[in-house]
Structure formats: structure tokens, C-alpha cells
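Notes follow once the structure below has been shown.
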Amino acid sequence: MHNFGIAIHGGAGAISKSKLTPEKDALYKSALQVALQAGYDALKKGKTSIEAVETAVVELENCPLFNAGKGSVFNAQGKHEMDASIMYGKTLHAGAIAAVKNVKNPVKLAHKVLTNSNHVLLIGEGAVEFSKAHNIEIEKDDYFFNEYRYQQWQKIKGSEEFVLDHVDKEKQYLGTVGAVALDKNGNVAAATSTGGMTNKKFGRVGDSPLIGLGNYANNKTCAVSCTGSGEFFMRAATAYDISCLMEYKNLSLAEAADIAINDKLLKLGGDGGVIAIDQAGNIAMPFNCEGMYRGSKNESHELVAIH
């Protein structure tokens, strides 16, 4: 039996220790703990890695603290446009959705695309139409309303600015949630979900729903979920790059993830982090910014951290 395990993230960026009160610190860590345990329990019961990452991400999407699902930010029209993807390392099958509105759990819809269509990526109204045909739960706009997110939007509404989550005024970063897992049968999977940027326009889509850029899983190497400045992860093809460094240069997971985040991404001017797991159960969670909401758990180890 493999050393099954799971890692999760809730976004990375300018998470200042001075501004993260003890109360907020406890709230975020508690929410991460719930999601981490839910995913781990699924693995312990013998469920697949893809079921485990979906379970963990659903918990994060249901929590208003994170920029995904219920906690998604407002776009320029005052709506919530969400993206998500999921991938199974055993088969390389993947499903993804982008720019969808009113879907309670985008990761569930991404999984339905994987299992119930011949496509990988569905967008906008077509994706929502697909969700209704497959009994994916839809919520009204007020379900996604969050006063903190609303005030974020009000500050820049009508301007050309956009704001990424986990943000100081001087710094702009992206909030995303994600999970990677290895199950008892040695199969890896990855899932990523996001509400994108506050005040985003023109149907902007980032790296999260794009296979190989913000999310990737391959049993030969690893499973990866990215969070940070999405445009840079897209240019670097970061998720797939980590897999490639392992497959073609025979680097370890830790070495490959470190090069991707602390060398290649930085040289492009991007910041953020990744969570990744390989077939041996090794976990890497590097980030090149102030903090990353993250957690990992296997039979002998458990971590929930922010900085």
C-alpha cells in the first residue's frame, strides 16, 4: 500500500503577519484543517485521489474566507465568475470550467466535465447549461454575497484597476484554493478552484482552469495545484513544468517545485506558490511571497500553516 496523503492550499500572497490578527489566524487555520481532514478521511476510507481532492476543495469553496465558490470576489459587473479544474494522474483525464456564474461548487462541475463529456474545458453559459443537465447545484447571487468582498470591489468599481486576493494596497495577488492527493492505489490527482480577480473585465480567465498551467496530475511524476499571479503561471506553464523537470531531468519533487517557483517564476516577475505530491507520497509546498495558506497530512505527518 502506498503512503497515501494530501495537501491543500487557500491562496498565496501578501499575507502580512502584522495584519493577520490572532482571531483571523485561528479562523483560517480552522477552515484549512476542516478541508484537510475531509480529504484525508476520504483517502483513509479507500476513496480515489480524485474523490479526495474534490472533497477537500468543496470544503474550501463552501467557506467564505477563500476566493472560490461562496467566497468568490466581484467582477466589474458586480457578479461572480468562477473557474476550476480537476485532473486524474492514472488516466490523464481532466475536466475544467471557466467564467461560470451561480454554480455553488465549481470543482464538482469540473469533475462532471471529466466524467460526463468528451471535452476538457467548458466556459460561460455553455458550462452552466451543462451543469443544469447534470444536476449540479445552482445558487442565486445573494449566496455569493460577502461584505468584505463587496467593499474590496467598491474601492475600485468603475476604474481600470483590478485587485487580487490576499492583498496589501501596494501588492496584488491572486487567491485560489486547491488540493493534491495520492491514494492507497498509488494514483495522484489535483484540483484547483478560484473566483479570480476583483473588478476583472472582458471575461478574464487565469491559470486555475487551464491544464498544465495551474493544475496538472500524472502518475509518472506528480500532482500540482498553483496559486499566485496567474498570468505568470500561464507563461511559465508551471504545473506541467514541475512534472517535466521530474520526468526528463530526473529531479526530485522538492527540487523541481523549488526551481519552478523560486527560479523560473521569479525570473519572469511572478510570485505565488504550489502544492505538489508525488507517487511516493512526498509533498512539496514552496512559495516565493509572504505567505501561503496551506496544509498537508499523511499517516505520520500533519501541517497547517500560513507563513
Condition check for SER208: assigned to a loop (DSSP other than H, G, I, E, B), crowded, with 24+ Cβ neighbours inside 10 Å and of a type outside the set (D, E, K, R):
yes
Candidate set from region 224-242 (those that are within 12 Å of the chain's Cα centre (by Cα) and farther than 13 Å from LEU268 by Cβ); member that is surrounded by the most Cβ atoms within 10 Å (Cβ to Cβ)
CYS226
Filter region 287-305 for residues that are surrounded by fewer than 20 Cβ atoms within 10 Å (Cβ to Cβ) and outside any strand (DSSP E or B) and give the result.
ASN288, GLU290, GLU299, SER300, HIS301
Quick one: which of ALA133, ALA110 is among the aliphatic types (A, V, I, L, M) and surrounded by 21 or more Cβ atoms within 10 Å (Cβ to Cβ)?
ALA110
Residues that are surrounded by fewer than 24 Cβ atoms within 10 Å (Cβ to Cβ) and farther than 14 Å from ILE50 by Cα, drawn from region 82-101
ALA99, LYS101
Restricting to region 118-154, name every residue that is within 16 Å of ALA84 (Cα to Cα) and not in a helix (DSSP H, G or I).
HIS119, VAL120, LEU121, LEU122, ILE123, ILE136, GLU137, ILE138
Could you list, in sequence order, the residues of region 102-117 that are touching a residue at least 24 places away in the same chain (Cβ under 8 Å), within 18 Å of the chain's Cα centre (by Cα) and not in a strand (DSSP E or B)?
LYS104, ASN105, PRO106, VAL107, LYS108, LEU109, ALA110, HIS111, LYS112, LEU114
Enumerate the pairs (first residue in region 39-65 and over 11 Å from PHE4 (Cβ atoms); second residue anywhere and among the aromatic types (Phe, Trp, Tyr) and surrounded by fewer than 24 Cβ atoms within 10 Å (Cβ to Cβ)) with beta-carbon separation below 7 Å, excluding pairs fewer than 6 apart on the same chain, so at least 6 apart or on different chains.
LEU65/TYR28
Answer yes or no: is there a residue in region 79-89 that is modelled with pLDDT of 90 or more, over 23 Å from ALA31 (Cα atoms), in contact with a Leu (Cβ under 8 Å, 6 or more places away or on another chain) and not aliphatic (A, V, I, L, M).
yes
Going by what's in this entry, would ILE8 be described as closer than 11 Å to GLY178 by Cα and touching a residue at least 12 places away in the same chain (Cβ under 8 Å)?
yes
Among the residues of region 59-78, which ones are under 18 Å from ILE138 (Cβ atoms), at pLDDT 95 or above and either crowded, with 24+ Cβ neighbours inside 10 Å or of a type in the set (Asp, Glu) (or both)?
GLU61, ALA68, GLY69
Please work out if ASP165 is crowded, with 24+ Cβ neighbours inside 10 Å, assigned to a loop (DSSP other than H, G, I, E, B), charged (D, E, K, R) and modelled with pLDDT under 95.
yes
Any residue that is in a strand (DSSP E or B), buried (at least 17 other Cβ atoms within 10 Å of the Cβ), on the phi < 0 side of the Ramachandran plot and in contact with a strand residue (DSSP E or B) (Cβ under 7 Å, 6 or more places away or on another chain) - is there at least one of those in region 255-274?
yes
Just to be sure before I move on: is LYS157 part of a loop (DSSP other than H, G, I, E, B), modelled with pLDDT of 60 or more and either touching a strand residue (DSSP E or B) at 6+ places or on another chain (Cβ under 6 Å) or surrounded by fewer than 19 Cβ atoms within 10 Å (Cβ to Cβ) (or both) in the structure I sent?
yes
Residues being touching a Cys at 6+ places or on another chain (Cβ under 8 Å) and closer than 17 Å to ALA14 by Cα - total across region 271-307:
4
Select from region 42-54 the residues that are over 13 Å from the mean Cα position of the chain (by Cα) and either under 25 Å from LYS24 (Cα atoms) or assigned to a helix (DSSP H, G or I) (or both) and list them in ascending order.
ALA42, LEU43, LYS44, SER49, ILE50, GLU51, ALA52
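The values are calculated or read from the model by the stated rules, or taken from the named source; none is laboratory data. Since the model is a prediction, treat every value here as computed from it, not as a measurement. Cβ atoms come from the backbone with ideal geometry, glycine included; neighbour counts cover every protein chain shown.
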